[in-house]
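What follows is calculated from the coordinates using simple rules that are stated; it is not laboratory data. These numbers were taken from a predicted model, which means no experiment stands behind them. Backbone-built Cβ (ideal geometry, glycine too); neighbour counts: all protein chains shown.
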Amino acid sequence: MQLKPLYPLALFVSVLPWSSLEAEPKGMDSAGDKGRLLVLHQHYQSAAALSAQGRLVEAEAELRKIVAVSGEVFGKNHPDTLVSRSDLAATLAAEGKYAEAEKENRAVLAIREKVLGKEHPDTLISRNNLAAALQEQGRAGEAVREYRAVLAVRQRVLGPEHSDTLDARNNLATALNEQGRHAEAEKEHRAVLALREKLLGAKHPKTLASRNNLAAVLQEQQRYEAAEQEHRTVLALREKVLGARHPDVFMSCFNLALCQEAQAKHAEALALMKRAQAGFKKSLGTAHPYTRYAEECRARIEEEIKKQKLPR
């Protein structure tokens, strides 16, 4: 199992068009309505700050308040309300509540298809997020179908080098890898990596995500030396660009640890897994699937060291 970067929740506040604070919705002429709009804005800022700090349970609580109030202020089918629900689904997924995230994404997708149309950018975001929730539940086949549908529209409407199109290709490749279609996945990841290096630069977080995903495919094919080289490069650049405590850094530690374990390099694998576990625990909490899985992997590596009486 290779861990992937979490949803970029710290960025979601920029999605909601809060210019409505200056240009109020029609019919909003009472002091009470204006007050609710201000409270809504404050809750959204709070949710963004909490998620950026990894305090996802609290962020979820704030977003549930936002969804309720936004439905009253704008209406349940209003684009702003749907953005709030989409952000709630992303937060649920980041907490490891994938079934709840799937349910919320399906609901938002159905409304967006009806209100905005099947090819609207927001509708495609919902479809992509639904695919991600399916993939996290081990339903890679369903995820592949959804990702292919999103990719087809984005290639036709936005072009092959658009950032959203490359995101769709990347996501499709990760699902193909989980299906065991490693050659297809590697081909896609290499293509996306080349384009991201060209368009974004070698140190951009999305470029690094592509290198991480390429390493995962190489590792699945037992090409451990090549995978290790990619993992080390990604880890070093993420530490430099994002900082030593960023969640993506901990995921790189986790993935490199698995690669080293597969090569019987247990001492380094254990040190990396300890770092990943501690980072996940602090940023995501003890109950998150990533934290629990890192704990299981650490115990397995420690047991292997014990059996072989290797130095720690």
Task: Distance violations [Cα-Cα > 25 Å] among Lys265/Lys307; Lys76/Lys118; Lys187/Lys282 - done: Lys187/Lys282
Task: Volume per residue that the Cα convex hull of the chain spans, once the total is divided by residue count, Å³ - done: 129 Å³
Task: Per-peptide average of other Cβ atoms within 10 Å, ordering 129-136, 296-303 highest first - done: 129-136, 296-303
Open item on the list: Below 8 Å, C-alpha to C-alpha, sequence gap of six or more: please give me the relative contact order for the chain in percent.
Closed with: 12 percent
Task: Table column - 3J(HN,Hα) (Hz), region 120-127, Karplus curve with 6.51, -1.76, 1.60, x for Gly and Pro - done: 5, x, 5, 5, 5, 4, 4, 5
- [ ] Using 0.36 nm per residue of separation minus the Cα-Cα distance, give me the extension gain between Glu296 and Arg36 in nm, one decimal.
- [x] 89.0 nm
Task: Separation in nanometres of the label points that stand 7 Å from Cα toward Cβ, at Glu239 and Ala149 - done: 4.3 nm
Task: Highest-first arrangement of 180-187, 113-120, where packing means the average Cβ count within 10 Å - done: 180-187, 113-120
TODO: Mind jotting down the distance between the C-alpha centroids of region 150-173 and region 58-102, whole Å?
DONE: 25 Å
Task: Full-stretch length increase - Ala99, Ala262 - with 0.36 nm per residue and alpha-carbon distance subtracted - done: 55.6 nm
TODO: Please express the Cα-Cα pair-distance distribution P(r) of region 226-312 as a list of whole percents, one per 10 Å bin, running from 0 to the bin with the greatest distance.
DONE: 20, 48, 29, 3
Open item on the list: Run the simple label-point estimate for Gln137 and Leu158 please: 7 Å along Cα→C-beta, distance reported in nm.
Closed with: 2.5 nm
Open item on the list: If I fit a long axis through the Cα atoms of helix 224-242 and take the longest principal axis of the Cα atoms of the chain, what angle between them do I get, 0 to 90°, rounded to 10?
Closed with: 50 degrees
- [ ] Counting only C-alpha contacts under 8 Å and six or more residues apart, can you give the relative contact order of region 75-166 as a whole percent?
- [x] 20 percent
Open item on the list: Sort 159-168, 99-108 by the packing proxy (mean of other Cβ within 10 Å over each peptide's residues), most packed first.
Closed with: 99-108, 159-168
- [ ] Assign unit charges at the C-beta atoms only (+1 for Lys and Arg, -1 for Asp and Glu), then state the dipole size of the chain relative to its Cα centre in Debye, rounded to the nearest 20.
- [x] 600 debye
Task: Radius 14 Å from Cβ of Val67, net charge of other residues (Lys, Arg +1; Asp, Glu -1) - done: -1
Task: Electrostatic dipole magnitude of region 181-289 [Cβ: Lys, Arg +1; Asp, Glu -1; Cα centre; debye, to 20] - done: 440 debye
Task: Given charges at Cβ of Lys, Arg, Asp, Glu: the chain dipole, positive-most of Ser46, Ser252, Gly285 - done: Ser252
